[in-house]
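So the structure is just underneath, and the comments pick up after that.
FYI, it's all coordinate maths here, none of it is from the lab. In this text, all values refer to a predicted model and were calculated from it rather than measured experimentally. FYI the Cβ positions are ideal-geometry reconstructions off the backbone, even for glycines, and counts take in every protein chain you see.
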Amino acid sequence: EVGVVCGSGGRGLRCFPALMAAEPAGAADAGRAPRLPPRWLQAPLLHTVEMHTGGEPLRVIPRLDAAEAAVASSGLSLLALRRHVAATQDHVRRALVHEPRGHRGMYGALVVRGEAAVGDADLAALFLHGAGYSAMCGHAVLALGRFALDYGLVAAPCCPETTVRLRCPCGVVTAFVPWDGRRSGNPVRFHSVPAFAAATSGARDDVPIDVPGHGKVVVDIGYGGTFYAFLSAEQLGLDVCSSKTRDLVSAASAVTEAVKKQFPLHHPESEDLAFLYGTILTDGKDAFSEEPTTNICVFADEQVDRCPTGSGVTARIALQYHKGLIQLNQSRTFRSSTTGSLFTGKAVKASAWCWSFPLARGLRGRCCCCGSGEGQKSLSVPGWGARHPQPSEKARVRCISDADVDKSTWFILCVSGGGFLFPSPLPQVSVLLWDILTLTPPQEAKFGDYNAVVVEVSGEAFYTGTATFTMEEEDPLKYGFFFK
Ligand SMILES: O=C(O)[C@H]1NCC[C@@H]1O
């Protein structure tokens, strides 16, 4: 029922249980490599690549037949696939993330192939944790950037750095990975989906939260591919550097529960993304400094991140930028209080933009012209003619993710009842519109009602090995157990 998966030598290799039983892995050098034990032949044989980023584990599942089949037959989007895998393949997550094969801090990434899921990215991935499936995971993106190169998922890698586009449930994230022609290296950087402040303390829209057992606290809520609540540990009578992890975890979890009840979240693109993933307790050092700021992220069901949390750094940078505490391209260093590992983060640019105009008569819906938000040049677009849209014709301006931008190859420009349909590289369209509308390239852009920025996060990811897992039919715990 579970596809047999195997990543090997740069390409996915399908291994069949019966074959594996006849010739177990390691048979060639049986003196040195352990043979697979006798097992239930119908059991899935699960091959993984083991990595960590700043101490946070990543168990990479290079392929899963059932997920690929669902993508191939139904053309599911990644968010839809996430729901499908949760409903039909959850035993794979439990088997690999929970004990005895995993542990309370285990994290996984399921690499998904197939045109519908991957689109024009290099790979797609679902993120797995102890309690379910996330929308974004920065530490996994840093590790998967390396994995994609070393396992041959990028068609034409270039030296000294290769751009790897990863489709995540929250959208496409771009990783920049050192590549020497033979193997990937560190540090890896990634550019997030648009990140924004959903609520900030110290502003008129202060969010006071009543946390049972702790009283009233004030939180920031930020989005970095997923939502987090942020507050200084001090507000809970704790110190993020010296308090016991168990105390930090229970306080952070109480905040998560309280915020979930008291602050409804909204995501401009999908309600599937409107959930609070966890709470990040900080040392309160949000004002710019060359010194690292320390935090601990408690996410999902009381799971503790060992690294500084890539998506959390993304959200925290967006909050700091939004509050005017840091400037564009000003780097901050973030330290995990659990391992001392470091990530850096900075706001690098405005998000992509999209100008939408009412469609011409006879066409339905809206049309939009999208751009990346960088630079201004004069360009001519065939068929544009002399009729340019006036700023007053702008129906709405919203920020969209790179994913949306890159999906469209055709753009319809509609002006005062007329329209042009042409294929065009996006930056050209956006530049042209800037010229026409005399808009200044923004440093932040609207994403729904939010001002958003693109954040760059940098960190180091390493391989720790590979593993092959199996199970016995009569094992009552064959699909793992969640240790509470
Ligand atoms: O780095 C991150 O974004 C993740 N690490 C575990 C929890 C988050 O998904």
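Label positions at D210 and C241, each projected 7 Å from the Cα along the C-beta direction, are separated by 3.5 nm.
Centroid-to-centroid, using Cα positions, the range 203-254 and the range 283-301 are 11 Å apart. Computed from label points 7 Å out along Cα-Cβ, the spacing between D301 and V348 is 3.6 nm. For the range 292-325, backbone nitrogen atoms closer than 20 Å to the point 7 Å from V218 Cα along Cα-to-C-beta are found at 316-325. Binning the alpha carbon pair distances of the range 77-191 at 5 angstrom intervals from zero yields the distribution 2, 12, 23, 20, 19, 13, 8, 2, 0, expressed in whole percent. Along the range 234-244 the Karplus relation, 6.51 cos²θ - 1.76 cosθ + 1.60 evaluated at θ = phi - 60°, assigns HN-Hα couplings of 4, 4, 9, x, 10, 10, 5, 8, 10, 5, 5 Hz to successive residues, with x for each Gly and Pro. One decimal place: the segment L325-T339 gains 2.4 nm when fully extended, by the rule 0.36 nm per residue minus the C-alpha distance.
Efficiency by 1/(1 + (r/R0)^6): what FRET value for D475 and R183, r their Cβ-Cβ distance, R0 = 35 Å, to the nearest 0.05? Provide the component values of the computation, followed by the final result.
Working: r = 37 Å, r/R0 = 1.07.
According to the calculation, E is roughly 0.40.
Evaluated at q = 0.13, 0.17, 0.22 Å⁻¹, a Debye calculation over the C-alpha positions of the range 173-280 (equal weights, vacuum) places log10 I(q)/I(0) at -0.59, -0.84, -1.13. Note on A467 and F263: the extension gain reaches 69.3 nm, defined as 0.36 nm multiplied by sequence separation minus the Cα-Cα distance.
Kindly flag which residue pairs out of K216/K446; K285/K346; K261/K484 have an alpha-carbon separation exceeding 26 Å in this structure. Could the numbers behind the result be given before it?
Working: K216/K446 31 Å; K285/K346 15 Å; K261/K484 23 Å.
Check vs 26 Å cut-off fails for K216/K446.
Around the amide H of Y107, modelled in the peptide plane, lie the amide H atoms of R59, all under 5 Å away and 5 or more residues distant in sequence or on another chain. The radius of gyration of the Cα set in the range 239-316, together with its Dmax, comes out at 13.4, 39 angstrom. Taking a ≥ b ≥ c as the square roots of the eigenvalues of the Cα gyration tensor, the range 199-344 is classed as rounded, since a/c falls below 1.5. Computed over the alpha-carbon atoms, the range 186-234 gives an Rg to Rh ratio of 1.11, Rh here being the Kirkwood radius from the mean inverse distance.
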